[in-house]
Amino acid sequence: MKQVSTIGLDLAKHVVQVHGADAEGSPVFNRKLRRSEVLRFFEKLPPCLVGMEPCGSAPYWAREIAALGHEVRLIPPAYVKPFVKRGKTDAADAEAISEAVTRKTMRFVPIKTAEQQAAAMVLKTRTLLVRQRTQAANAWRAHLAELGIIATAGLAK
């Protein structure tokens, strides 16, 4: 079996598609893994270049796979799209990621640390709470208007 040097990883909710290629770019394997199998799979491989598209869980997987000695790069989906040869499937996306990650002029997204993700979660949660508070106030004003009571806009009023 040929030595794997590049892996394209297409993350999904329950199944992860993995495409491996050798140094010349020839396919070595293309298979599906359950999330519970991903780290065991990468533990068995020699260190290689792993590419994936950034999504909600990508920073976690990037940190875990990098801790196993692999070089992980995140590629924006818009930069992967030109490399998709056929229809939009997980296998085709993984193959395209595997090819795109080897390009010398490709731009990559930095991998977020756990602290950066936590800070982003705090900001997103605050934004959600403010939006929900505004929705509740607007709904209350609308219900009062149905009863003929007109309240001015703004939480203080």
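The values are calculated or read from the model by the stated rules, or taken from the named source; none is laboratory data. Everything quoted here is computed from the prediction, not taken from an experiment. Neighbour counts are summed over all protein chains in view; Cβ atoms, including those assigned to glycine, are modelled from backbone coordinates with ideal geometry. Surface accessibility is based on the protein's heavy atoms, side chains included, excluding ligands, DNA and RNA. Shrake-Rupley method; radii C 1.70, N 1.55, O 1.52, S 1.80 Å.
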Of Arg126, Arg107, which residue is open to solvent by 90 Å² or more (accessible area, probe 1.4 Å), modelled with pLDDT under 95 and on the phi < 0 side of the Ramachandran plot? Arg107
With region 1-91 as the region, which helices (runs of 4 or more DSSP H) entirely inside it contain at least 2 residues that are open to solvent by less than 10 Å² (accessible area, probe 1.4 Å) and of a type outside the set (Val, Ile, Thr)? 58-67
I'd like to check something: does region 91-102 contain any residue that is farther than 19 Å from Ala12 by Cβ and under 16 Å from the mean Cα position of the chain (by Cα)? no
